[in-house]
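Asks: So that we are looking at the same thing, I have put the structure below in structure tokens.
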Amino acid sequence: MPARLLLGLALLGVLAAAALAAPLAQAWLGHDPFAPDLFRRFEPPSATHPLGTDELGRDILLRLMHGARVSLLVAISVALGATALGTAVGLVAALRGGWVDAALMRLAETVLALPVLPLLIVLAAVDTGRFGLPRGEAGSDIARIAAILVLFGWVGVARLARAAALGELSRDYVAAARVAGASEARLLWLHVMPNIAGPVLVAAALSVAGAILAESTLSFLGLGIQPPAPSWGNMLANAQDLVFSAPLAAVWPGLAILLAVTGSTLLADGLRRRM
Amino acid sequence: MLRILAARLLQIALTLPVLSLLVWLVMGLMPGDPVDLAMLADPNLTEADRERLRALHGLDRPLHLRFLAWAGAVLSGELGHSRLFARPVAEVLWPALLSTLVLVGAAILLAGLLGVLIGVLAARRSGAAAGADALAILAQSVPSFWLGILLIIVFAVGLGWLPAGGSPEEPGLVEAARYLVLPVATLAFVTTAGYVRHSLAAMQSVLAEPYIRTARMKGLSERAVVWGHAAPNAAVPVITLASLDIGALVGGALVTETIFARPGMGRLIYEAVMGNDYNLALLALLLAGLVTMLATLAADILQRLIDPRIAG
């Protein structure tokens, strides 16, 4: 296996392990990362607080680990959603061709040419309470952000899936399957899908990187995961106000984002080179 | 070429109205309209006042009629007022676009030169190329808001060399440049990484071409081969990427502008959305969309002008 693939998997593996181990670490260190402790604000790193405490006396390491749960959950949901939607669009476009293909691809081009970040902000500011959905809870925040990111994330997958599927559909084995009487669904699912899994996987890994950056950006701007639920982005937003009193608090969440994004980019790059 | 141009312009002409309608509808879903906010601000207003105010501002009419009225006004050049800044929108919009274009232009110029330089130099040795590519992946993964905060901590808080953000208090080019250094560095850092990766890949494939071998064989110096024959071809993807980036960063500089408190397009959109300034948010978003789409068009045309092999 190429070094990039291994390194990417290792980085994501460490972060996933940290996310899963958050409750264990909480029991081990014996404090609640959600409960303010105003007598212990801005403590330096120590045995009980390995990375020190934040402006409300909460343990920074434990909050980072809980933030990893949020970031990875959003990233996995976006990768699954965008990959499913993008693959479906790409396959339909490749199979139908003609005006369906043209319409879907023009739509994809248009989405690519839009100013993404400002639109994400507009969408993230929508009051979900108006549709009768819950608002302001950690779970609904995650679902809301993931849904918005899927809206933009499918495009890259769809273009890759379409290009790969067009290549496969022109092969002789597809013609043979057609002659043998395979239905369109069977053709796509059993014959084309396994053969375009490679590029689709690369696109999925790239969308993980994009989702982690986008979620942390929105949370940093106060439109993503709302405090007191910790996310790397909103921890950085808090830290920005405290650059004079606690500069180190700004280092850790950014480092976590950097490692997660690097990990998924390396994974995508390694997968691409293996094909 | 003309056909591409016409198709793209048609696409822009179709996209803008659809985008404005969608954004208009989405804005309607944001918490609180102006009258709600006025009610919250003033306890003396009664339910009757609310109805009267809604009728006065036309908020009692159905959404589609309100959209058509707004679109008609905008098309006749009537951009309306910004609620947040209490000024005509045009007065707010143009300075913001100018500020963003200065920031983005400086960042892309710096990133393009630096990226091509690193890419071309690193491409000649496979070890250096692999190292530069790996470093570029790492640099691409740096969240810009983190980098911005770190630069503020080091250069504004720690060393005190540069201002942490805001607008220059005194006029003068030097003063304006001092306020530009950190935002441009933040924006250029991540952008450079992309240019390094693209020019590196292009340079590696160009160096393997037969015409490079011919150039070497006829006795040209290595410098003439690399900079005279290979580099111009490797710069093509970077030029395309840069023109795409100008568009993407008009809205995408939002985070940098927010951290450094620069009054640009991105920050304007952010503040307008957060401050319930529908009209300003919508117009700023449309302007950013227009600039982004025009930049995509420019990238298309530029690519075809530089490289005639691309059909169309």
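The values are calculated or read from the model by the stated rules, or taken from the named source; none is laboratory data. Computed from a prediction, not measured in an experiment: that's the story for all the values here. Cβ coordinates were reconstructed from backbone atoms using ideal geometry, including for glycine residues, and neighbour counts include every protein chain displayed.
Asks: I'd like the full set of residues that are touching a helix residue (DSSP H, G or I) at 6+ places or on another chain (Cβ under 6 Å), modelled with pLDDT of 75 or more and among the charged types (D, E, K, R), limited to the range B:7-66.
Replies: Matches in the range B:7-66: B:Arg8 only.
Asks: Against the condition under 23 Å from B:Leu103 (Cα atoms), of a type in the set (Lys, Arg) and surrounded by fewer than 22 Cβ atoms within 10 Å (Cβ to Cβ), how does B:Arg124 come out, does it pass?
Replies: Spelling it out, it is not the case that B:Arg124 is under 23 Å from B:Leu103 (Cα atoms), of a type in the set (Lys, Arg) and surrounded by fewer than 22 Cβ atoms within 10 Å (Cβ to Cβ).
Asks: Sort through A:Ala103, A:Ala94 and tell me the only one that's farther than 21 Å from B:Val273 by Cα, within 14 Å of chain B (Cβ to nearest Cβ), assigned to a helix (DSSP H, G or I) and modelled with pLDDT of 85 or more.
Replies: One residue alone meets the criteria, A:Ala103.
Asks: Among the listed residues B:Ile149, B:Ile153, identify the single one that is crowded, with 21+ Cβ neighbours inside 10 Å, of a type in the set (Val, Ile, Thr) and within 14 Å of chain A (Cβ to nearest Cβ).
Replies: Within the list B:Ile149, B:Ile153, the selection yields B:Ile149.
Asks: Filter the range B:257-267 for residues that are farther than 15 Å from A:Val116 by Cα and in contact with a Ser or Thr (Cβ under 9 Å, 6 or more places away or on another chain); which is nearest to the other protein chains (Cβ to nearest Cβ)?
Replies: B:Ile259
Asks: Would you please name the residue that is surrounded by the fewest Cβ atoms within 10 Å (Cβ to Cβ), looking only at residues in the range A:211-240 that are farther than 12 Å from A:Val261 by Cα and β-branched (Val, Ile, Thr)?
Replies: A:Thr217
Asks: State which residue is modelled with the highest pLDDT when the search covers only the range B:135-188 and only residues that are in contact with a Lys or Arg (Cβ under 7 Å, 6 or more places away or on another chain) and of a type outside the set (Gly, Ala, Ser).
Replies: Applying the filter and picking the extreme gives B:Pro183.
Asks: Here is a further query. Could you count how many residues in the range A:177-198 are surrounded by fewer than 22 Cβ atoms within 10 Å (Cβ to Cβ) and either small (Gly, Ala, Ser) or closer than 30 Å to A:Leu258 by Cα (or both)?
Replies: Of the residues in that region, 8 qualify.
Asks: For the range B:268-303, which residues satisfy the criterion of being more than 7 Å from chain A (Cβ to nearest Cβ), free of Cβ contacts under 8 Å to residues at least 60 places away in the same chain and touching a Leu at 6+ places or on another chain (Cβ under 7 Å)?
Replies: The answer is B:Ala295, B:Ala299.
Asks: Which one of A:Val208, A:Val243, A:Val157, A:Val261 is surrounded by fewer than 24 Cβ atoms within 10 Å (Cβ to Cβ) and of a type in the set (Val, Ile, Thr)?
Replies: Matching residue, one of A:Val208, A:Val243, A:Val157, A:Val261: A:Val243.
Asks: Then there is this: Would you mind listing the helices (runs of 4 or more DSSP H) fully within the range B:217-311 where at least 2 residues are closer than 30 Å to B:Gly72 by Cα and among the aliphatic types (A, V, I, L, M)?
Replies: In the range B:217-311, B:231-252, B:265-274, B:278-306 are the helices (runs of 4 or more DSSP H) which contain 2 or more residues that are closer than 30 Å to B:Gly72 by Cα and among the aliphatic types (A, V, I, L, M).
Asks: Also: Return the total of residues in the range B:165-197 being farther than 14 Å from B:Glu257 by Cα, of a type in the set (Gly, Ala, Ser) and part of a helix (DSSP H, G or I).
Replies: Looking only at that region, the number is 4.
Asks: Return only the number of the condition from (1) in a helix (DSSP H, G or I); (2) touching a helix residue (DSSP H, G or I) at 6+ places or on another chain (Cβ under 6 Å) that B:Trp161 does not satisfy.
Replies: With (1) in a helix (DSSP H, G or I); (2) touching a helix residue (DSSP H, G or I) at 6+ places or on another chain (Cβ under 6 Å) applied to B:Trp161, the lone miss is (1).
To keep it simple, each residue is scored yes or no on (1) closer than 30 Å to B:Phe145 by Cβ; (2) within 14 Å of chain A (Cβ to nearest Cβ).
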| position | (1), (2) |
| --- | --- |
| B:Phe189 | yes, yes |
| B:Met217 | no, no |
| B:Asn233 | no, no |
| B:Val236 | no, no |
| B:Ile239 | yes, no |
| B:Ile246 | yes, yes |
